[in-house]
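The values are calculated or read from the model by the stated rules, or taken from the named source; none is laboratory data. Quantities reported herein were computed from a predicted structural model and do not represent experimental measurements. Cβ placement follows ideal geometry from the backbone for every residue including glycine, while neighbour counts extend to all protein chains displayed. Calculation scope for accessible area: heavy atoms of the full protein, side chains included, ligands and nucleic acids excluded. Shrake-Rupley method; radii C 1.70, N 1.55, O 1.52, S 1.80 Å.
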Amino acid sequence: MKTLILTLGITRIVEQESLDLSIWGSADGSDWGARPLVSFPQKFYCGTYQMSIDLSQHPEVKYLRAKWQVNRWGKGDSKPLFGIYLFVQARERRMAALSA
């Protein structure tokens with residue numbers, strides 16, 4: 001079973017804008033399907049956010065792709081401005097031995 005931990009960091013954001021980030025999977029690197037494997041809830045603020053994905057639920061997936069969409073509304077410049085990063089790491093399974 002392969003579980004991945006996704007860490008999204010937003011280091012810069014201005015008022016009245018949002019970020020939508022989703023993770024898509026593909027068996028061949030060209031067909032990414034109609035729906036993402038997982039999506040972060042819509043974000044409006046700087047911070048670090050984590051979620052996990054269990055790839056054993058998607059055994060056909062060999063490739064992953066992050067897609068994001070930004071939106072800006074209100075007064076001022078209509079161009080969104082973000083600083084973001086995404087880390088993906090395998091979750092290690094550890095077992096503890098109990099001694100009696």
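Does ARG93 satisfy being among the charged types (D, E, K, R), modelled with pLDDT under 95 and assigned to a loop (DSSP other than H, G, I, E, B)? Yes; evaluated as a whole, the condition is true for this residue. Under the condition of being in contact with a Ser or Thr (Cβ under 7 Å, 6 or more places away or on another chain) and not in a strand (DSSP E or B), the residues counted in the stretch 14-32 number 1.
Scanning the stretch 37-63 for residues that are over 14 Å from GLY25 (Cα atoms), part of a strand (DSSP E or B) and open to solvent by 70 Å² or more (accessible area, probe 1.4 Å) returns THR48, GLN50. Within the stretch 17-36, the set of residues being over 16 Å from PHE87 (Cα atoms), among the aliphatic types (A, V, I, L, M) and either touching a Pro at 6+ places or on another chain (Cβ under 7 Å) or open to solvent by less than 90 Å² (accessible area, probe 1.4 Å) (or both) comprises LEU19, ALA27.
Each residue in the stretch 64-90 was checked for being exposed (fewer than 13 other Cβ atoms within 10 Å of the Cβ) and either at pLDDT below 85 or aromatic (Phe, Trp, Tyr) (or both), and 10 pass.
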